[in-house]
Amino acid sequence: MKTDTYWLEHAWLDTNVEPGVAVEVTDGRITAVRKGVETPPPGATVLRGLTLPGLANAHSHAFHRALRGTVQVGSGTFWTWREVMYSVADRLTPETYYALARAVYAEMALAGITTVGEFHYLHHAPGGTAYSDPNAMGEALIEAAADAGIRITLLDTAYVASGLLSETRGKSPNRHQLRFSDGTTEAWAERASALKDREHARIGAAIHSVRAVPARQLGAVAEWSSAREAPLHVHLSEQTAENEACQTVHGRTPTRLLADHGVLGPRTTGVHNTHLTDEDIALLGRTTTGTCMCPTTERDLADGIGPAVRLQRAGSPLSLGSDSHAVIDILEEARAMELNERLRSHTRGHWTAAALLRAATADGHAALGWADAGAIESGALADFATVALDSVRTAGPVPRLAAEAAVFAATAADVRHTVVGGRHVVRDGEHAFVPDVAGALAEAVAALRD
Ligand SMILES: [Zn+2]
């Protein structure tokens, strides 16, 4: 079998910047890592800058990318934003969704993202009719990721109700939400079971939120993911209105409700985890349920600042996502988590650059069911993101501080190379398979306008 050699001018190994590292790759995996290699070995692919493990974008709704700019006009709340989002969702077909998602995932590749967690709930045709392949939309996303050259965990989402009514029943989905609903979680499980893992794709589950799945049906989704040892994600306490409704109907917080129905645990990730009680934080920590923070979306939607420091201290591993794609930049998500906490606490240094990179790489991948990605070490998948250290944003610091420069000053535009499974997907800032990513985005978004 053919072995390729990459020479990394600077590499992020464990928690250190190492100069001159040769990495051997066979069949998409790292087979050897050699330090102290001062010059590129003959025939090696040279990656200049700081090479990180590939970045994980742990929470995405690909179609929200079509809202960029549009939703920045006027004021409103999360709930008014949601109406605009629904109007875009109404127009998508498997064909237009494929075109949009391919462009969005190509934008992610350009940003150094090698794995996306797609929280997918747009399952059916308008009105809720199943497509001839009931997974046509999910398959379009899996194919889009393949064609953009990145990995995907399709978090197939149960979304069967519009709000909380009782233990057993939810409010009926509104006319927009009919596309999201399988009717019951049994029907959801049957459809989701037809999706299969493949080399670049793994199938996971999601509960849209405690608003969208009645309490008595939560356990069915948890059991489905347990049986497959698949990741399970859930939007959790993003808005105070969700907490209030849950208290009114169930007399407990959304976190407590999930715990009582067996949803929490090490394969589960709560997305946002913004408005939590002390008991919620302890529960999430004790069960080692993960927390996916999406700071650029949370600030965009005026959600609030989640207690990420306290969650992590309690035992909840952290991951990061670009969620609504107000921007697609995991480096920005990482620093925003730290900078939000500085504004709130009036102190600095809650996370080191190393800790933020861990959330952006190894822990993000683990949350998506790719425990074999997110580190530059023997046996791991050969996924890399190389950040330029000679751009106007990153020039100056000594190489020893390259991680600090990458996390606190670089942007997605500084990503020079992206390698996925030993395949050079982005070379010198150009996507190798999607020739004009900006053009593809413009075309795909224009196709969805009125
Ligand atoms: Zn979301």
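Every number here is computed from the coordinates shown, using simple stated rules; none is lab data. Note that the structure is predicted; figures quoted are calculated from it, not measured. Cβ sites come from the backbone with ideal geometry, for glycine too, and all protein chains shown count toward neighbours.
A few points about this structure:
- Footprinting exposure proxy for E229, E18, E279 (fewest neighbouring C-beta atoms within 10 Å first): E229, E279, E18
- In the chain the Cα-Cα distances spread across 10 Å bins starting at 0 as 5, 22, 33, 26, 12, 3, 0 percent of all pairs.
- Under 12 Å, Cβ to Cβ, from L331 - net charge with Lys/Arg +1 and Asp/Glu -1: -4
- Least to most buried among L47, L339, L218 (fewest other Cβ within 10 Å first): L339, L218, L47
- Local charge for Q217 was computed over the other residues whose Cβ lies under 12 Å away, with Lys and Arg +1 and Asp and Glu -1, and equals -2.
- Between 0 and 90°, nearest 10: helix 240-250 axis offset from the chain longest Cα axis: 50 degrees
- The chain - percent relative contact order, Cα under 8 Å, separation 6 or more: 21 percent
- Antiparallel bridges, percent of DSSP beta bridges restricted to the chain (to nearest 5): 45 percent
- C-alpha long axis of helix 78-89 to longest principal axis of the chain, angle in °: 80 degrees
- Taking the longest Cα principal axis of the chain as reference, the axis of helix 94-110 is set at about 40 degrees.
- Local electrostatic count at V387 - Lys and Arg +1, Asp and Glu -1, tallied over other residues with Cβ under 14 Å: -3
- Residues M293, M1, M337, M85, arranged from fewest to most other Cβ atoms within 10 angstrom of their Cβ, appear as M1, M85, M337, M293.
- Annotation note: trypsin sites (Lys or Arg not before Pro) in region 1-55 located in DSSP loop regions with a Cβ neighbour count of at most 11 within 10 Å are K2.
- In region 232-306, the trypsin sites (Lys or Arg not before Pro) that fall in loop regions by DSSP, at most 10 other Cβ within 10 Å: none
- Straight-distance candidates among the lysines for linking to K2, with alpha-carbon spacing under 28 Å and chain neighbours fewer than 8 residues away dropped: K35.
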